[in-house]
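The values are calculated or read from the model by the stated rules, or taken from the named source; none is laboratory data. Keep in mind the model is a prediction, meaning the values are calculated, not measured. All Cβ positions, glycine included, derive from the backbone under ideal geometry; neighbour counts span all protein chains shown.
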Amino acid sequence: RKEVEQDPGPFNVPEGATVAFNCTYSNSASQSFFWYRQDCRKEPKLLMSVYSSGNEDGRFTAQLNRASQYISLLIRDSKLSDSATYLCVLRTGGGNKLTFGTGTQLKVEL
Amino acid sequence: EAQVTQNPRYLITVTGKKLTVTCSQNMNHEYMSWYRQDPGLGLRQIYYSMNVEVTDKGDVPEGYKVSRKEKRNFPLILESPSPNQTSLYFCASSPYRRGATDTQYFGPGTRLTVL
């Protein structure tokens with residue numbers, strides 16, 4: 001089983017839609033969780049950290065479910081500019097290493 | 001402007017010809033890392049460095065070398081490149097606080113093709 005698993009998509013949604021992605025992880029010792037965004041052929045950039053209590057940043061909401069070992073990202077009122085690949089990232093153990101998922105591709109259409 | 005720079009951005013080379021990809025950051029970050037990204041495999045860590053003169057292997061270190069003689073620079077060296085090292089490479093840096101790496105800042109990427 002992969003350490004981090006994501007549905008590759010693509011998720012094709014109309015502008016204004018709400019879309020959610022999940023990411024499952026296998027190592028229960030994973031300590032920190034993040035969502036990164038990557039535009040085509042560009043560098044990944046941190047979108048948001050994921051906290052145990054859940055957290056929101058504007059139209060984006062991230063949640064962590066430790067019991068079921070998954071994190072989620074919810075995007076409300078999708079914009080064309082949200083089209084990108086969303087990478088699930090986690091840190092395990094002593095904190096020296098990040099493990100990246102392969103990403104979920106989102107395409108927001110008119 | 002705070003940034004991570006990589007050079008070259010694009011490189012086509014031939015098997016066996018040694019090459020170096022430079023990485024530099026101006027944020028005084030302790031932690032630096034190299035990743036490669038391949039379709040269907042995501043980003044995989046090659047090497048990382050906790051500070052000057054401290055480096056360690058990541059998940060896929062074979063065929064690569066690194067050095068960290070200065071805090072700002074972390075070059076990636078391919079002594080004898082092979083076609084399976086054709087990939088998109090990213091350098092990243094982050095501050096090292098509370099015993100754990102913080103947000104990683106990525107360079108723009110280097111697209112390497114080995115013929």
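Of the residues making up segment B:37-62, those that are facing chain A (nearest Cβ under 9 Å) and within 13 Å of A:Phe100 (Cβ to Cβ) number 9. Residues satisfying the criterion are absent from segment B:16-30 (criterion: among the β-branched types (Val, Ile, Thr), surrounded by 18 or more Cβ atoms within 10 Å (Cβ to Cβ), closer than 21 Å to A:Tyr36 by Cβ and touching a residue at least 12 places away in the same chain (Cβ under 8 Å)). Across segment B:83-99, the qualifying residues are those that are farther than 16 Å from B:Asn28 by Cα and modelled with pLDDT under 95, and the one among them that is nearest to the other protein chains (Cβ to nearest Cβ) is B:Gly99. Here A:Val89, A:Val19, A:Val4, A:Val50 are screened, and the one residue that is surrounded by 15 or more Cβ atoms within 10 Å (Cβ to Cβ) and farther than 22 Å from B:Tyr105 by Cα is A:Val19. On the basis of being of a type in the set (D, E, K, R), within 13 Å of another protein chain (Cβ to nearest Cβ) and without any contact (Cβ under 8 Å) to a residue 24 or more places away in the chain, does B:Lys65 make the cut? So B:Lys65 does not fit the description; no. Which residues, taken from segment A:1-39, are closer than 22 Å to A:Gln69 by Cα, in a loop (DSSP other than H, G, I, E, B) and of a type in the set (S, T, N, Q)? Listed by number, the residues that qualify are A:Ser26, A:Asn27, A:Ser28. Scanning segment B:38-55 for residues that are farther than 18 Å from B:Ser94 by Cβ and crowded, with 20+ Cβ neighbours inside 10 Å yields a single hit, B:Gly42. Within segment A:27-41, the set of residues being of a type outside the set (A, V, I, L, M, F, W, C) and surrounded by 13 or more Cβ atoms within 10 Å (Cβ to Cβ) comprises A:Asn27, A:Ser30, A:Ser32, A:Tyr36, A:Arg37, A:Gln38. The set of residues from segment A:66-110 being charged (D, E, K, R) and either touching a residue at least 40 places away in the same chain (Cβ under 8 Å) or closer than 24 Å to B:Leu41 by Cα (or both) comprises A:Arg76, A:Asp77, A:Lys79, A:Asp82, A:Arg91, A:Lys97, A:Lys107, A:Glu109.
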